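Structure first, then comments.
The values are calculated or read from the model by the stated rules, or taken from the named source; none is laboratory data. Model, not experiment: these values are computed from the prediction. Cβ atoms come from the backbone with ideal geometry, glycine included; neighbour counts cover every protein chain shown. SASA here: full protein model, heavy atoms, side chains in, ligands and nucleic acids out. Shrake-Rupley method; radii C 1.70, N 1.55, O 1.52, S 1.80 Å.
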Amino acid sequence: MEPAKNIVKIAIQMMGAYPQLIELNQSKPLSAVLKDVCDAWNISSSELYALQYVDGHQAYITELNRMEIKNGSILKLTTSPDKEASSLCQGVQSHNVDVRSESLKKLAVLSCDVTFAQEFISRDGLQVLSRAVEDEEERGEVMCHILRAISELMEHGFVSWETFSTTFIRKVVTFVNLNLMLVEITRLALIILESVVQSNTTLGTLVRQEVPPDRLLALLQLPDQETQIKVMALLVALLQTVGGRDRAEMLEYLWKKSMRQFIHKSIIHGWPQLGDEMRHYLYVLQCLSLGLLDGRMRIAMDPNDAEQRQQLQNLRLVAFPNEVDEGGHMTSERRRSLSAKEFRKLGFTNNGSPWQDLDHAPPGLLALDNMVYFSTRWPSAYSRFVLENSSREDKHVCPFARSSIHLTLILCEILQVGEAASETGQHFLTLFYAQDHFLQELFCVCIQVLNKTWKEMRATQEDFDKVMHVVKEQISRTLGHAPTSLEFFRTKISSLNYSEILRRRQEERLNQDEALSPPVMDLRKQLQPELLDLIKQHRLHYLCEGTKFRKISSRRRQDKLWFCRLSPNHKVLHYGDVEDKIDNPPIEILAQKISVVDIKYVLTGKDCPHMKEKNSGKQNKDLMDQAFSVCYDVDCCLNFIAPSSTDFCLWLDGLNALLGREMPSERTRTDLDLLLNTELKLRLLDLENISIPDQPPPIPPRPKNFDYCYQFTSTEA
C-alpha cells in the first residue's frame, strides 16, 4: 500500500466538464496521471495536455515542481506548454487584430511560468516581440502586453539582453522620454531598461547615454507610487554600474536638482507606508552616496600638498586670531614656536608636524574635511571648544584634533562608509535625506557632545579610549531611535548623558544576567501560570464591573448608550440600554442576557458583522481596531465598539478567559512581563551582587552513620 505522505487529495477542472476529485499518487509518473485524467473525460492524446494551477500565476505542473502540490489544491487540465507556446507564437503574428490582441494578453500572463517561457523562447518568440516594439505597430494596452511579456520572459535568464538590437533599446527609451497616454507603458519601459543596465552589456551604456537624469527626476515627481518605485530602481541601477567619478558627478547633479528634498518630503513623509522595494532603493542610494567619502577616508595627508597645508593652517588661524595678529613682528623661529604651541592647544599630538596626525587612513583626509567644516560652519562653537580646553589643566584637556580624528573613524564605522550595499538591505536613515552635508553636520553635533561627555566623566588623557567608547554608544543609541531631523538627533543625544549611559548599561546588564541565567529562566516558567491566573481574575472582575458602550449608527451618530456586564457567578452576560447619567446600572435593570455556555466564539476587527460594510478611512480604521462581537447562535451576534483600546483589550481577554482560551491581547503580554519582572526582582532581592550559578550546588554524600540522631524514649514523654 502506498504511504499516505505520497498521496495528495486534489480537484481537477476542465471547461464544460464536471470536476474530478482524485487522490494524486506522487510516486506515479506525471504522464500516467495525465492519461488517467484524460481517460476519465474520454480525451485522447493525453500527451497534448498538462495540468496547471487555477489560482496564483497559473504555473504548469512538471516533474520538478509536482511535490509542491498540497492537499486541497485545485488544478485544471489545459493544453501542454509546447502546444500553447506554438499557438501563441502564431497568434501574435496574426494579421487579425483581435486574434493578435488576445494572444498577446494571454502571453503576458503565461510568460511568468518557466516551462512555458522556455518553449516560447525556443520558437524565436522574443525576436517576434522585439520586432513588434521596433515597428511600433501596436499602441495602448496591446503594447503593454508586449512589454510585460518581454520583461517576464527575460526574468528567467535563458537568453542575454545582447540578443536585442540597439533599435529596440532606443524605442523603449522613447517610451520613457516621451509623455505617453498610458503610464503603464512608461512603467514597463523603466523595468526593461533597469534590467538592461544591470546586465552590464553595451546596451546598458546606451541606456545611460539616452535617458537624461532630468527626465527621471520629472517622472519621480509624478503622483504615482508604482512609477516612483520603477524610477528609483532605474536610478539606483544607473548609479551602481558607473565608475566612482561618474557616480559622484551624477549624484551631485541629482542633489543640486533637489532630489534629496523631494524624497524626504514627498516619499518618506508623503507615502502612508513605504514598501520593501522603496526602502531597499533608499538604503542603496544612501550607501552609494556615503560611499563617495571612501576615497577621502583612505587617503592620508600629503605634507607637500599646498591646499591641504593651508586647510591645516586655517584651523589654527580661526581658533587663535589674536595670536596670529601679534605674530606679525616675530622672528621666524618665534613664529614656529608659537605655531607649534597653538597646534598643541588644538589637540595635535605631533604639534611640530601636525600633518603626521592625519597620516593614518582611515580616516585620512576625511577627518581634516570634518574639522575644517566645523570651524567654518560653526566658528563660535569651534572657538569655544578650543578656548575652553586651553584653560584646563593639561591632564584634563579634551584634544580637539585627536578627538575629531577618532570621532570621524567612529562615524564611518557606524554609517558603514565604503561598504558595499546589501542585496536585501532596507535600513536607511531618514536623517540622511533630511540634511545636506549629512556626515559633516552629524560630526558638528557629535564633537560638541564629545566635549560635554568628557567634562561629565572628568576624563584625563588616560581615559581617552573610554570616552570615545561612551560617545560611540551615545551615537549608536540615538541613531537607533530613527531621528527624522538633525534637531531631533541633537536633542536626543544631549539627553543621553554619561550618567544615563551608565544607568542603561547597569539595567541591561541586570536584565541580561537574569534572562540568561538558567535558574532564573526556570523560575520564570514556574511563576508564569500563577501570574496568568491572576491576570485572568482581574479581567473577569473587570467584566463583572461592566462597561458603558455607545451605539454608532450608519451616520456615525453616538448619542445612544448601552451597558454590558458579567454576572458575579460568571455564567451570564447582562446588557441593555441606559441613560448617560447612569454610570453603574445594576443587573436588574439590564433586560437582555446571554448565557456564557451559549457563546460560540468572539470576532474582532473587520471580521465583525457590524464592520463588514465599513469602508476604508482613518475614522473607520479606529472603529475597526476597537470592534468585537460575541457570537452565540448561528446568525446571532452581540456587537461592541469599545470606548478605548484599553477597554477593547480587557474585554477581549475576559471573554476568551470565559471560554477557556488564551488571552490574546497585547495588554496581557505587557502585564505578564511587568508582573514577572517585579516578582523576580523581589525574590532575587536578597541575592543582589551575588552571582547565580548556572548549575545547582552538588548534593553532599550520605553520612557513613547516623549516630548524631537523638534517640527519643517514651520515658521522656
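Distant-in-sequence amide contacts of Ser80, defined by a placed amide H-H separation under 5 Å and a gap of 5 or more residues or a different chain, comprise Tyr49, Ala50.
In summary, the aspartates and glutamates within cross-link reach of Lys9, defined as a Cα separation below 14 angstrom excluding same-chain residues under 8 places away, comprise Glu23, Glu68. Over the residues of the chain, the helix contribution to mean residue ellipticity at 222 nm works out to -17000 deg cm²/dmol, using -39500 (n - 2.57) for each DSSP H run of at least 4. Can you tell me what the convex hull of the Cα atoms of the chain projects to on average, as an area in nm²? For the chain, the mean projected area of the Cα convex hull comes to 59.4 nm². Pull out a ≥ b ≥ c, the square roots of the eigenvalues of the alpha-carbon gyration tensor of the stretch 413-471, then state rounded if a/c is under 1.5, prolate if not and a/b is larger than b/c, and oblate in the remaining case. Prolate shape, in that a/c is at least 1.5 and a/b is the bigger ratio. Rounded to the nearest whole Hz, the Karplus-based 3J(HN,Hα) values (6.51 cos²θ - 1.76 cosθ + 1.60, θ = phi - 60°) of the stretch 651-656 follow the sequence 5, 4, 5, x, 5, 5, with x at glycine and proline. Amide H contacts for Leu24 (H built 1.01 Å from N in the peptide plane; partners 5 or more residues away or on another chain; cut-off under 5 Å): Val8, Lys9, Ile10. Its residue count N fixes a reference of 2.2 N^0.38 Å for the stretch 357-505, and the Cα radius of gyration divided by that reference is 1.04.
For Tyr601, nonlocal amide neighbours, meaning residues 5 or more places apart or on other chains whose placed amide H falls under 5 Å from its own, are Cys631.
Computed over protein heavy atoms with a 1.4 Å probe, the accessible surface of the stretch 221-289 works out to 48 Å² per residue. Around Ser80, with a cut-off of 10 angstrom between Cβ atoms, what is the net charge of the other residues, counting Lys and Arg +1 and Asp and Glu -1? With Lys, Arg at +1 and Asp, Glu at -1, the net is -3.
What net charge do the residues around Val386 carry, taking every other residue with its C-beta under 10 Å from that of Val386, with Lys and Arg at +1 and Asp and Glu at -1? That works out to +1.
Among the listed pairs Lys83/Lys230; Lys76/Lys606; Lys551/Lys581; Lys548/Lys593; Lys171/Lys265, give every one whose C-alpha distance is greater than 24 Å. Those over the limit are Lys83/Lys230; Lys76/Lys606; Lys171/Lys265. Kirkwood-type hydrodynamic radius, the stretch 193-319: 16.7 Å, calculated from all non-identical alpha-carbon pairs. Summary: within the chain, the longest segment free of GluC sites (Glu not before Pro) located in DSSP loops with at most 16 other C-beta atoms within 10 Å is 138-392.
Working from the Cα coordinates of the stretch 266-395, the gyration tensor eigenvalues give, after taking √(5λ), semi-axes of 39, 18, 12 Å in decreasing order. In the full protein context, the stretch 20-68 carries 57 Å² of accessible surface per residue, based on a 1.4 Å probe and ignoring ligands, DNA and RNA.
Of all aspartates and glutamates in the structure, those lying under 18 Å Cα to Cα from Lys492, and not within fewer than 8 positions of it along the same chain, are Glu441, Glu456, Glu473, Glu500. Take every Cα pair under 8 Å whose residues are at least 6 apart in sequence, average their separation, divide by the length of the chain, and the relative contact order is 6 percent. Count Lys and Arg as plus one, Asp and Glu as minus one, and take only other residues whose Cβ is under 12 Å from that of Val109; the net charge is then -1.
Counting protein heavy atoms only, the stretch 627-674 has 50 percent of its accessible area on carbon and sulfur, 1.4 angstrom probe.
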